[in-house]
Amino acid sequence: MDHLSRLSKRIRGIAKAVVSFSSSIVDHITLKRRCENEDSDEGDDDDSDSIDIDPFEAVLERVKAKRIREYVTTIRAKTLSNDKKKIPNVEVKSPTFIGEHICYRVKFADGVSWILKVPAIGTPDQFDKDDAETLRSEALTMIMLRRETTIPIPEVISYNITCSNKLKVPFILMEFIDARPLDEVWHDRESPKEVVQARRTRCLRDIAAAYIQLGKYTFNEDRPLRFDDEDCLIGVVPVNNDPFSGLREGCTSRLDRWGNEEVEHRKGLQKLLRMFVDWTPEPNGGKSFVLSHPNPNIFNFLVSEDGSVRAILDWHGAHTSSPSIGNESYPLWLMRDWDPSVYIWSEEMEQGIHDEENVWEDSPDTLKFYQNVYAQCIADLRPESENAKVTRNSVLFQHLMMATGDPMFSLGITEKILLEVMKRVDKNSNNKDSGNSGSSKEHLTGDHSSPNETEDAGHGGIEADMDGEDEDEFFDIYEFLQGLSKDGLCEHRQKLFKKGFQALFIS
């Protein structure tokens with residue numbers, strides 16, 4: 001393997017890791033690419049290589065509009081009845097760039113439209129056997145779910161997993177769904193609030209109904225979906241339904257891949273995350289994994305004007321996972337405030353003030369409201385689910401998995417979890433001894449050798465922050481993690497942390 005090939009695989013590996021690690025980040029990437037190309041529907045020439053997007057240049061050079069026209073015309077001819085004398089002319093729109101794919105809309109003169117989806121790495125020197133199997137799995141997953149469930153998925157017209165075909169690239173050709181992107185409907189600032197709320201509620205109800213159906217495909221291991229030579233899904237077995245199985249194992253495995261950290265705050269970060277993982281609930285029964293939508297972000301849903309879901313997109317990389325981070329988890333955009341590295345809400349947004357370079361965000365209170373709406377949708381669909389306990393706990397599980405994925409993206413999420421832990425500890429302490437004015441932050445992070453010394457330190461509490469009386473108090477996460485790396489936590493503080501962490505779970 002030459003140097004360029006190794007470099008290509010390395011870049012692809014990093015890209016896949018980033019996408020799989022935190023799909024909420026992909027929201028911004030996808031939006032940016034869509035905005036850059038939203039006005040590029042016109043044109044039907046073959047000068048695709050003039051688009052200044054380096055990662056896609058190689059595959060753009062291979063895809064020619066003339067070949068697309070010839071191919072889709074041949075495919076369309078097979079779908080027409082014999083009394084049709086002429087196949088409608090077809091127009092190939094300019095490409096759009098979504099995630100790791102390039103998409104071409106083809107539109108026939110009679111109004112029928114299809115979408116050609118091509119991997120950005122769809123060239124002979126980049127597209128390997130694993131990539132081919134992933135594309136095949138995506139296509140067959142869509143075909144299977146469309147056939148066996150009522151999940152709204154575009155019809156797959158054709159697909160090819162090699163570069164040795166008439167289009168010279170691997171692809172999936174599928175039905176085009178004429179509907180609005182959910183992000184536009186969700187963040188509609190023109191309609192009355194009650195109309196927007198009704199649309200959002202309808203949308204969440206449809207998504208919950210779709211995702212619950214994925215639970216019929218159960219497995220005893222966490223892995224990508226695979227199909228046999230007969231295009232049948234491999235590995236589906238009846239298993240005990242334990243929605244929390246595999247979480248400790250998965251998080252520990254991710255942390256083990258970090259290796260030996262040399263920077264003090266990263267050592268402390270790893271140590272803190274291992275404590276959190278150790279304190280997560282133990283599985284109650286056998287393992288249970290279900291088919292999960294790999295990228296449930298707001299850009300992968302198309303809806304009608306009333307909010308009803310018309311299509312769920314992007315099944316690339318479909319895999320099995322625990323229900324608590326899979327099919328019963330909140331959709332990603334309902335949990336954005338748990339990832340400070342991407343959450344950019346401000347008070348000004350509530351007054352309609354918005355920087356066009358950024359996406360709209362919902363306030364923490366609004367996110368909490370729609371989390372409750374979604375959890376109720378799950379509870380209505382699964383009355384045996386104990387008031388959607390799995391869904392309500394998914395915020396913590398999902399972000400704990402994200403935080404253990406890679407230290408590069410872990411700090412903000414870990415700080416969010418830690419601050420939530422501190423709030424629970426402080427609330428518990430205040431309930432036990434309302435007369436103690438000791439600072440929770442001092443109590444939890446100060447360098448003391450005994451609980452009594454900590455309890456004697458009085459500097460005001462974190463409860464004041466929660467009440468808005470001392471909102472400017474600054475918590476230095478780096479200082480805390482460095483201290484944790486060097487000195488660890490005494491037994492008393494470990495007990496406090498454990499109690500606060502476990503209080504985050506809804507039992």
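The values are calculated or read from the model by the stated rules, or taken from the named source; none is laboratory data. None of the values given here were measured: they were computed from a predicted structure. Positions of Cβ are generated from backbone atoms using ideal geometry, with glycine treated the same way; all protein chains shown enter the neighbour counts. For accessibility, only protein heavy atoms count, side chains too; no ligands or nucleic acids. Shrake-Rupley method; radii C 1.70, N 1.55, O 1.52, S 1.80 Å.
Count, please, the residues in segment 176-211 that happen to be closer than 13 Å to Y370 by Cα and of a type in the set (S, T, Y).
Residues meeting the conditions: 1.
Restrict the check to segment 196-209 and report whether at least one residue is among the β-branched types (V, I, T) and either under 22 Å from K78 (Cβ atoms) or out of contact with any Phe, Trp or Tyr (no Cβ under 9 Å at 6 or more places or on another chain) (or both). Walk me through how you get there before you give the answer.
Quick first cut of segment 196-209, residues among the β-branched types (V, I, T) only: 196, 201, 207.
Now narrow it down to the ones that are either under 22 Å from K78 (Cβ atoms) or out of contact with any Phe, Trp or Tyr (no Cβ under 9 Å at 6 or more places or on another chain) (or both): none.
No, that holds for no residue.
So R199 ticks every box in (1) of a type in the set (D, E, K, R); (2) farther than 26 Å from L291 by Cβ; (3) open to solvent by 70 Å² or more (accessible area, probe 1.4 Å) but one. Which box is left unticked?
With (1) of a type in the set (D, E, K, R); (2) farther than 26 Å from L291 by Cβ; (3) open to solvent by 70 Å² or more (accessible area, probe 1.4 Å) applied to R199, the lone miss is (3).
Here is a list: P238, P192. Which entry is touching a strand residue (DSSP E or B) at 6+ places or on another chain (Cβ under 7 Å), on the phi < 0 side of the Ramachandran plot and outside the structural domain of K66 (by the TED database)?
Numbers: P192 fails: touching a strand residue (DSSP E or B) at 6+ places or on another chain (Cβ under 7 Å).
Answer to the selection: P238.
Output yes when any residue across segment 207-214 is more than 17 Å from D380 (Cα to Cα) and open to solvent by 30 Å² or more (accessible area, probe 1.4 Å), and no when none is. Reasoning before the result, please.
Residues of segment 207-214 that are more than 17 Å from D380 (Cα to Cα), as a first pass: none.
So far as segment 207-214 goes, no, none of its residues is more than 17 Å from D380 (Cα to Cα) and open to solvent by 30 Å² or more (accessible area, probe 1.4 Å).
Consider E361 against the criteria (1) touching a residue at least 60 places away in the same chain (Cβ under 8 Å); (2) open to solvent by less than 10 Å² (accessible area, probe 1.4 Å): it satisfies all of them except one. Which criterion is unmet?
(1)
How many residues are among the small types (G, A, S) and within 22 Å of E384 (Cα to Cα) when one looks only at segment 176-216?
Pass one, segment 176-216, residues among the small types (G, A, S): 179, 191, 198, 208-210, 215.
Filter once more, so that each one left must be within 22 Å of E384 (Cα to Cα): 208-210, 215.
Summing the residues that are among the small types (G, A, S) and within 22 Å of E384 (Cα to Cα) in segment 176-216 gives 4.
Within segment 249-270, track down each residue that is among the acidic types (D, E), without any contact (Cβ under 8 Å) to a residue 40 or more places away in the chain and within 21 Å of I477 (Cα to Cα).
Keep residues of segment 249-270 that are among the acidic types (D, E), which gives 249, 256, 261-262, 264.
Of the ones still in play, those that are also without any contact (Cβ under 8 Å) to a residue 40 or more places away in the chain are 249, 256, 262.
Matches in segment 249-270: E262 only.
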